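Read the structure below first, then the notes.
The values are calculated or read from the model by the stated rules, or taken from the named source; none is laboratory data. From a predicted model like this one, the values you see are computed outputs, not experimental measurements. Neighbour counts run over all protein chains shown; Cβ positions are idealised from the backbone, glycine included. Keep in mind that these areas ignore ligands, DNA and RNA; they rest on the heavy atoms of the full protein, side chains included. Shrake-Rupley method; radii C 1.70, N 1.55, O 1.52, S 1.80 Å.
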Amino acid sequence: MKVCIIGGGLAGLAAALRLKSRHEVDIYEKKDHLGGCLSSHRVHEYWIEQYYHHCFSEDRQLFSLLSELGIADRLEWLEGTTGYFADGTLYPLNTPTEILRYPLLSLTDKAKLALLTIRSKRMDPETLDTVTAEEFIIRELGKRTYESFFEPLMRSKFGERRNHISAAWLIGRIAIRSNRGLSGERLGYLKGGFQVLVDALSDAVGRDCTIRLYDPVTRIARESGEWRVNGQRYDAIISTIPPQAVIHAGGPDLPPLPYQGAACLALGLDQQVTEGIYWLNMKDPGPYGAVITHTNFVPAERYGEHIVYLASYFTGDLPVRADTVMRDHFCRTFGIPASSIHWERMAVEPLAGPVFTTGYRKLIPAYQAKGFYWAGMFSPSNYPERSMEGSISAGYTVAGELDRTGGEA
Ligand SMILES: Cc1cc2nc3c(=O)[nH]c(=O)nc-3n(C[C@H](O)[C@H](O)[C@H](O)COP(=O)(O)OP(=O)(O)OC[C@H]3O[C@@H](n4cnc5c(N)ncnc54)[C@H](O)[C@@H]3O)c2cc1C
């Protein structure tokens, strides 16, 4: 069969890997490189992800893909420490002592939160799809905990939509991040960066498939029982881009999903900033919601400098000069002279991931719908949070469906 895959991110590459030996596969990628959200910046002699990435101990498909590609020895497990920055003070939140000392929650609030974290692993997120995270936390932990702890986190992640986010997303998030040791969370990373995975996957796929970089899909049509994509004939189409992006090109009209954009400013610095904390959530409203110091996770010696991400999410248009506003705010807040910054790179993706609002589950497209195969951040395997694991799994599933149905989606 002649198969068209729209999008050269993880889902598209994983699907191509499974299909390439039996079918003629073309991958259309609108950018000049593969990798999608897992792409990296080339800085000096190293690669650094455009958007901070780590993996989790449950990511089984990801680990077996690393083995299949011969790069499993690159996987390493490191401590990912977290903290909260509130009213100009940095509070580490890793060891039991640090958590006990945290002044913005009472002892009872902390005990209730710890119990919910333990219970979260046994909860079924799907049953919480229609309840808002706000309602759920207030019911389980009280208004004070919601307002002083969760609400700022939800605001920085979802902005004005924070009151519409489902408890399914929140509980999934708490469960996945509860894999903690005594000093922090155990998180996976690839030596050399996740670009190693993108490169290995691109090599494996590129040997047998046609990769069409810088070739956005803009025209889709159905003619005499065949698909036409940008004028080329295909028997089947796998889309890894969201339904609303496909409609613009003339593809099937599935209901649009709520999505949001991400803007991430990466900075190379000559100094440590966040007192050894990897993931620092910002309590006070500002132009970014978290300061993620990559080199407090992966040793700075590997890069010869410190690397920090300023992470923000947006809906609609990104504010003008967002990078300058973020950088200036960061320098002011953390007392960093501009001369300490060696380089900066801004990454912006308007469709960086679904927003898991209440009722989202009903909108998830099936792997086959309206003549198309669908796999990506919007797939069932990426509910109630998107991940590398979810996109690899979606790519594999859709490849299996395509084989099983002979292209008759
Ligand atoms: C800020 C951020 C942080 C993240 N952190 C983590 C993490 O720590 N751990 C984790 O497991 N996951 C993380 N993720 C999620 C992970 O990156 C994604 O789930 C995964 O990479 C998505 O792959 P995908 O192929 O489904 O989608 P995408 O990566 O979005 O790939 C879609 C591809 O389609 C291309 N495209 C779009 N439109 C067209 C068109 N018209 N024609 C042709 N091509 C087109 C795009 O350029 C892109 O390459 C993060 C994501 C973001 C945004």
Put Glu151, Glu135 in order of accessible area, largest first, probe 1.4 Å, and you get Glu135, Glu151
Obtain the nm distance between the two label points defined at Arg222 and Thr130 by a simple spin-label model: each point lies 7 Å from its Cα along the Cα-to-C-beta direction. 3.2 nm
Probe 1.4 Å, heavy atoms of protein chains only: per residue, the accessible area of the range 1-60 in Å² is 36 Å²
Summed over the other residues with a beta carbon less than 11 angstrom from that of Leu402, with K and R at +1 and D and E at -1, the charge totals -1
Roughly how many debye, to the nearest 20, is the charge dipole of the range 95-179 about its Cα centre, given +1 on each Lys and Arg Cβ, -1 on each Asp and Glu Cβ, and no other charges? 260 debye
Estimated dipole of the chain in Debye, rounded to 20 [Cβ of Lys and Arg +1, of Asp and Glu -1, Cα centre]: 700 debye
Return, ordered by residue number, the residues of the range 26-59 whose backbone nitrogen is under 14 Å from a label point located 7 Å along Cα→Cβ of Tyr214. 29-34
At a 1.4 Å probe radius, carbon and sulfur cover how many percent of the accessible area of the range 95-179? 58 percent
Over the heavy atoms of Asp215, what accessible area does a 1.4 Å probe trace out, to the nearest 10 Å²? 40 Å²
State, as an integer percentage, the relative contact order of the chain based on alpha-carbon contacts under 8 Å between residues 6 or more apart. 25 percent
Using label points projected 7 Å from each Cα along Cα→Cβ, tell me how many nm separate Lys121 and Ile99, to one decimal. 1.3 nm
Selection from Ser391, Ala168, Phe330 lying farthest towards where the dipole of the chain points positive, charges on Cβ: Ala168
On the formula 1/(1 + (r/R0)^6), with r taken between the Cβ atoms of Asn163 and Glu301 and R0 of 51 Å, the FRET efficiency rounded to 0.05 is 0.70
Round to the nearest 0.05 the FRET efficiency obtained for Ile247 and Leu363 when R0 = 22 Å and r is the Cβ-Cβ distance. 0.95
Hey, got a sec? Which trypsin sites (Lys or Arg not before Pro) in the range 80-145 land in a DSSP loop and have at most 10 other Cβ atoms within 10 Å? Arg122
Over the range 166-314, one equal point on each Cα, no solvent: what is log10 I(q)/I(0) by the Debye formula at q = 0.14, 0.19 Å⁻¹? -1.02, -1.25
Quick one: accessible area per residue over the range 80-134, 1.4 Å probe, rounded to a whole number of Å²? 53 Å²
Loop-resident GluC sites (Glu not before Pro) in the range 1-54 with no more than 13 other Cβ atoms inside 10 Å, DSSP not H/G/I/E/B, are Glu45
Can you find, among Thr108, Leu153, Pro125, the residue sitting farthest towards the positive end of the charge dipole of the range 95-179, where Lys and Arg contribute +1 and Asp and Glu -1 at Cβ? Thr108
At R0 = 30 Å, FRET efficiency that the Cβ-Cβ distance of Trp343 and Lys31 yields, to 0.05: 0.90
Considering only DSSP states other than H, G, I, E and B, which trypsin sites (Lys or Arg not before Pro) in the range 286-385 qualify as loop sites with at most 14 other Cβ atoms within 10 Å? Arg321, Lys370
Output wanted: per-residue J couplings in Hz (rounded whole) for the range 375-390, from phi through Karplus 6.51 cos²θ - 1.76 cosθ + 1.60, θ = phi - 60°, x for Gly and Pro. 8, x, 5, 9, 7, x, 6, 10, 10, x, 7, 7, 7, 4, 4, x
Tell me the mean residue ellipticity at 222 nm calculated for the chain from its helices only (DSSP H runs of n ≥ 4, each -39500 (n - 2.57), averaged over every residue, nearest 500). -8500 deg cm²/dmol
Provide, as a two-decimal number, the C-alpha radius of gyration of the chain over 2.2 N^0.38 Å, N being how many residues it has. 1.00
Taking 0.36 nm per intervening residue step and subtracting the Cα-Cα distance, what contour gain separates Glu147 from Arg321 on full extension? 59.6 nm
Using the charge dipole of the range 326-378 (Lys, Arg: +1 at Cβ; Asp, Glu: -1 at Cβ; taken about the Cα centre), state which of Ser340, Ile364, Gly376 has its Cα farthest towards the positive end. Ile364
Kirkwood-Stokes translational diffusion coefficient of the range 92-208, alpha-carbon pairs, 10 °C, 1.306 mPa s, µm²/s: 96 µm²/s
Whole-Hz couplings from phi, Karplus 6.51/-1.76/1.60, listed for the range 277-285; x for Gly and Pro: 7, 6, 10, 10, 7, 9, 6, 7, x
